[in-house]
Amino acid sequence: MSGFPRGRTAVVGAATFGMGEAPGHTSMEMLAKASLAAIEDAGLKLGDIDAVFSTLQQDPLCAMTAPDYLGIRPKLVETTRTGGSSFQIQAMWAALALDAGLCDAVLICYGSNQRSAAGGLMRTSITPFPYESVYQPRNPPSSYALAAARHMHEYGTTREHLAEVAVAARKWAQLNPEAFDRRPLTIEDCLSARMVSDPLTVRDCCLVTDGAAAVVMTRADRARDLKQPPAYMLAGAQATWHRHILTADLTTTSVAECGPRAFAQAGIGPQDLDVVELYDAFTINTILVLEDLGFCPKGEGGRFVSGGAIAPGGRLAVNTNGGGLSCVHPGMYGLFTMIEAVRQIRGDCGERQIAGAKLALSHGNGGVLSSQAVTIFGAQETL
Amino acid sequence: MSDLRPDEEFEAFLKDGRFMIQRSRSTGGFVYYPRVAEPGSGAQDLEWVQPSGEGVVYSATVVRNKLPTPDYNVALVELAEGPRVMSRVVGIDPGAVKIGLRVRARVDAIDGTPAVVFDPVQEGGA
């Protein structure tokens with residue numbers, strides 16, 4: 001028994017707001033705009049929402065802030081704080097809570113104005129870890145750089161392999177009108193880009209943007225009567241192996257453990273997926289997670305992505321919105337991989353639509369490869 | 001050992017110029033970073049021991065800066081005793097710090113804060 005209520009809940013509403021830049025807006029305003037749009041997308045009313053799982057990066061009490069702002073008195077609130085993977089974990093709890101009957105309609109929402117407000121990365125009030133901070137790693141890039149350097153050493157992964165990930169993401173972004181950076185990008189551009197923390201250049205690092213997103217989940221019986229084709233939740237699994245890069249296994253993420261659990265819940269294997277939406281905070285993430293999901297053996301990720309294999313027209317559709325590298329990355333990106341998975345299942349993706357997409361994976365990463373979470377969504381015929 | 005105050009004690013050792021790690025009396029396992037119990041086993045019978053100081057670079061990066069701030073190395077070093085530490089390998093070009101490089105610990109200061117750093121070990125040297 002997998003323990004997960006496969007297909008018994010669904011994402012019925014999904015929306016974004018302020019993708020890239022939203023000058024003049026607070027993070028809360030952005031969260032609210034995305035939330036109202038997602039509720040409308042579902043064909044529901046604000047008063048139908050009875051559970052709010054909200055995340056505002058700089059607000060430890062956002063579980064109360066968002067319901068207050070929206071004028072909701074939720075039966076259930078939830079604020080997992082695992083960084084960018086929080087949303088996959090929230091979707092997992094939402095499925096369990098809905099299936100248990102604790103609530104009827106869950107709003108999962110996020111907003112961040114980090115680009116416009118701070119002009120760069122937000123400095124959250126995270127307690128410094130003295131056994132790292134004294135050495136002044138430029139985090140998060142330096143932690144991911146240490147993982148990339150070790151992967152290169154052990155498996156012969158190259159900077160060209162990393163560049164393949166960035167170029168593929170950009171090519172997908174060029175098919176997505178919502179993507180923030182759609183400028184041409186070549187492998188050579190990546191190799192000659194400014195080094196941030198070796199071996200990662202600025203092109204190996206995600207964008208720093210504004211952005212808000214929200215989804216609404218209900219039980220499957222209700223989902224069928226709503227406005228949109230439901231994206232049924234088939235799996236949700238997370239694994240946390242470390243907090244600091246100091247204690248990390250640098251070349252294997254905990255997706256190696258929670259990925260197989262998610263596939264078992266869904267009753268599918270990686271080869272069955274039509275689209276794979278991974279949390280690409282850095283180019284090395286995509287390589288590590290493709291390996292750990294089982295698309296190729298450990299160490300082969302660099303060679304797997306070579307030759308445009310994950311770009312449009314390649315062998316596997318990865319990060320079809322352009323990813324955190326080229327579409328949007330407002331501090332926490334996890335909810336955006338879910339939005340793209342849902343849109344692909346609905347067939348709403350225009351030029352970048354994968355024809356007949358029925359099974360989509362949405363992955364989240366938090367901290368410095370610390371928290372990994374895998375969710376799988378499917379169309380009606382996958383039930 | 002319920003009165004163990006690992007962070008405070010580690011810092012006091014450093015201020016005294018000493019790099020110390022912990023070891024469980026019952027399991028023999030070495031522990032770094034300092035904790036009130038051995039991770040995994042939960043053993044609380046930790047004592048401070050002086051590591052050999054020998055280590056090997058497990059991974060390394062160069063933090064790039066705008067002039068005049070110099071680039072610097074940040075490394076993960078695997079101690080001979082087993083635990084990994086984050087540190088800096090100093091005394092050589094930061095770009096020359098390669099995985100597998102043998103290094104030795106000493107206590108120095110980074111921007112006035114006492115910290116363990118590592119020097120490259122000359123091949124054939126002591």
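Bear in mind that the values in this text are calculations on the coordinates, not laboratory data. The structure displayed is predicted, hence computed values, not measured ones. All Cβ positions, glycine included, derive from the backbone under ideal geometry; neighbour counts span all protein chains shown.
So the values come out like this:
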read-out: Estimated distance in nm for a label pair at A:Ala100 and A:Met64, the labels positioned 7 Å out from Cα along Cα-to-Cβ; value: 2.3
read-out: Distance from the range B:74-95 to the range A:128-179 (C-alpha centre basis), Å; value: 20
read-out: Of A:Leu76, A:Leu335, A:Leu359, the one that fluctuates the most in a GNM where chain A has Cα springs shorter than 10 Å; value: A:Leu76
read-out: Computed [θ] at 222 nm, deg cm²/dmol, chain A (DSSP H ≥ 4; -39,500 (n - 2.57); rounded to nearest 500); value: -10000 deg cm²/dmol
read-out: For chain A, built as a Gaussian network whose Cα springs stay under 10 Å, the top-fluctuating residue of A:His244, A:His329, A:His161; value: A:His244
read-out: Simple label model, 7 Å out from Cα along Cβ direction - B:Asp111 to B:Gln44, nm; value: 3.7
read-out: Per-residue HN-Hα couplings for the range A:192-199 [Karplus 6.51, -1.76, 1.60; θ = phi - 60°; Hz; x = Gly/Pro]; value: 9, 6, 4, 6, 9, 8, 3, x
read-out: Whether the range A:290-383 is rounded, prolate or oblate, judged on the alpha carbon gyration tensor where a/c under 1.5 counts as rounded; value: rounded
read-out: Acute angle (nearest 10 degrees) that the helix B:6-15 long axis makes with the longest principal axis of chain B, alpha-carbon atoms; value: 50
read-out: Overall form of the range A:129-182 per C-alpha gyration tensor (a/c, 1.5; a/b vs b/c); value: oblate
read-out: Dipole magnitude of chain A, debye to nearest 20 (Cβ charges: Lys/Arg +1, Asp/Glu -1, about Cα centre); value: 80
read-out: Amide H contacts of A:Leu293 (H built 1.01 Å from N, under 5 Å, at least 5 apart or other chain); value: none
read-out: Average partner coverage of A:142-150, which counts Cβ from other chains inside 10 Å; value: 5
read-out: Amide proton proximity set for A:Phe129, modelled H, under 5 Å, gap of 5+; value: none
read-out: Taking A:Lys298, B:Lys66 and counting other C-beta atoms within 10 Å, the order from fewest to most; value: B:Lys66, A:Lys298
read-out: For B:83-89, mean number of other protein chain Cβ atoms within 10 Å; value: 5
read-out: Positive minus negative residues near A:Pro297 (Lys, Arg vs Asp, Glu; Cβ under 15 Å); value: -2
read-out: Between the range A:314-380 and the range A:190-251, the alpha-carbon center distance in angstrom; value: 8
read-out: Efficiency of FRET from Cβ geometry, B:Glu78 and A:Glu381, R₀ 45 Å, rounded to 0.05; value: 0.35
read-out: Interchain or long-range residues, amide H under 5 Å from B:Ser59's placed H; value: B:Leu76
read-out: 10 Å Cβ neighbours from other chains, averaged over peptide A:129-140; value: 6
read-out: Relative contact order %, chain A, counting alpha carbon pairs below 8 Å whose residues are six or more apart; value: 27
read-out: Descending semi-axes in Å of chain A, equivalent ellipsoid built from Cα gyration tensor; value: 30, 23, 20
read-out: Equivalent ellipsoid dimensions for the range B:54-120 as semi-axes, Å, which come from the Cα gyration tensor, largest first; value: 20, 14, 9
read-out: Euclidean distance between Cα centres, the range B:1-71 to the range A:9-50, Å; value: 46
read-out: Within a Gaussian network of chain A (alpha carbon springs, distance under 10 Å), most fluctuating of A:Asp221, A:Asp274, A:Asp210; value: A:Asp221
read-out: Nearest-20 debye value, the range A:306-383 charge dipole, Cβ charges on Lys, Arg, Asp, Glu; value: 80
read-out: Order of A:Arg222, B:Arg18 under a 10 Å beta carbon neighbour criterion, fewest first; value: B:Arg18, A:Arg222
read-out: Net charge over other residues, Cβ less than 14 angstrom from the Cβ of A:Gly20 (K, R count +1; D, E count -1); value: -1
